Each structure stands twice: as C-alpha cells, then as structure tokens.
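Single-structure report; data block below.
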Amino acid sequence: MANITGGCSCGKVRFSAEADPTFVAVCHCKACQRASGSAFAVVIALPATSLSITGDVTTYDSKGDSGQSVHYRFCPACGSPIASNLDVIPDMLMIRSGSLDDPSWVKPGMEIYCDSKQPWVALSGGLKSFPAMPG
C-alpha cells in the first residue's frame, strides 16, 4: 500500500493517503485543461475514504464533460488544486501529480478524454487511449 503525501504551494493545506491508486491517467478533458492552464493534467484516482486533508479548502462546483457535477477543492490562499471528485464516480477522489511531495513514482497507465486532446499533444509510452472516461 502506498503512502501518498502532498499539499498546496503555500503549505497551508496538506493531504495524505495510505492507498494504492485505482488508476493514474493523463486527462485531456476541457476542465483539466482550464484548471491546469495546460493541455492536460496527470491525475491519480484514490478511494475517497483514503484521503485525509488538513487545512481549509474552498470548493468550486462545475459540470464535467459527462454532464454530471465535478467538485474541485483548492487552497483559498494560493489557489493550488488539492482534490476533485466527480459525481459520475463518487467513490473516488482525484489528486494531481504536481501536488505530491514525491511525484517520481507516478506513471500514467492511460489517456482519458482524448476527444478533447489538443492536436499537437503526442505522448510516448504506449498509453491506452480512451475518448472519454472508460467504464
């Protein structure tokens, strides 16, 4: 079982989990593009009950590409993303690899929401690709 720790840029919010990731993916959805300010985000899915967050977080609710709600939690002081959860998969939370204390172990196993992938993005590694979130 992995011991995962991380937090925001200013250090006011921390998180930890003792769980193996359900999956690690490169997400090309429009919401991840907007939130990351880039072409994609590397997300780590964890069982929702495994993640412990300390410090105050603010939640922004939106609609995902599925049409269902997505709940983004971030540090109100520095704006760093902390976790998000999707109503379409309520038992999981997503954290971003850039928020980890040690992201060196992260290795995506797939690309999701490739229907929204920017045409200039070409990743190596033979990742499985899905047009949306796999079932």
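The values are calculated or read from the model by the stated rules, or taken from the named source; none is laboratory data. Predicted, not measured: the structure shown is a model, and the values here were computed from it. Note that each Cβ is placed from the backbone with ideal geometry, even for glycine, and that neighbours are counted across all protein chains shown.
Key figures
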item	result
Pair list, Cβ under 9 Å, 6 or more apart: the stretch 109-135 residue assigned to a helix (DSSP H, G or I), other residue crowded, with 16+ Cβ neighbours inside 10 Å and of a type in the set (D, E, K, R)	Asp115/Asp65; Ser116/Asp65
In the stretch 74-88, the residues that are closer than 19 Å to Ala25 by Cα and either under 13 Å from the mean Cα position of the chain (by Cα) or basic (Lys, Arg) (or both)	Pro81, Ile82, Ala83, Ser84, Asn85, Leu86
The stretch 106-135, residues that are of a type in the set (Asp, Glu) and over 14 Å from Val42 (Cα atoms)	Asp115
Failed criterion for Leu93 (all others in (1) without any contact (Cβ under 8 Å) to a residue 40 or more places away in the chain; (2) within 11 Å of the chain's Cα centre (by Cα) hold)	(1)
Matching option when the condition is hydroxyl-bearing (Ser, Thr, Tyr), within 11 Å of the chain's Cα centre (by Cα) and either at pLDDT below 95 or within 16 Å of Pro81 (Cα to Cα) (or both), among Ser36, Ser16, Ser9	Ser36
Residue satisfying condition, being without any contact (Cβ under 8 Å) to a residue 12 or more places away in the chain, surrounded by fewer than 13 Cβ atoms within 10 Å (Cβ to Cβ), within 25 Å of Gln118 (Cβ to Cβ) and of a type in the set (Gly, Ala, Ser), within set Gly37, Gly11	Gly37
Subset tally (residues that are in contact (Cβ under 8 Å) with a residue 60 or more places away in the chain and over 16 Å from Pro108 (Cα atoms)) for the stretch 18-34	2
Criterion (part of a strand (DSSP E or B), among the hydrophobic types (A, V, I, L, M, F, W, C) and surrounded by fewer than 20 Cβ atoms within 10 Å (Cβ to Cβ)) met by exactly one of Ile95, Ile53, Ile82	Ile53
Filtered residue count, the stretch 56-78, keeping only those that are in contact with a strand residue (DSSP E or B) (Cβ under 9 Å, 6 or more places away or on another chain) and either at pLDDT 90 or above or surrounded by 15 or more Cβ atoms within 10 Å (Cβ to Cβ) (or both)	16
Number of positions in the stretch 1-50 that are part of a loop (DSSP other than H, G, I, E, B), within 20 Å of Gln68 (Cβ to Cβ) and in contact with an Asp or Glu (Cβ under 8 Å, 6 or more places away or on another chain)	2
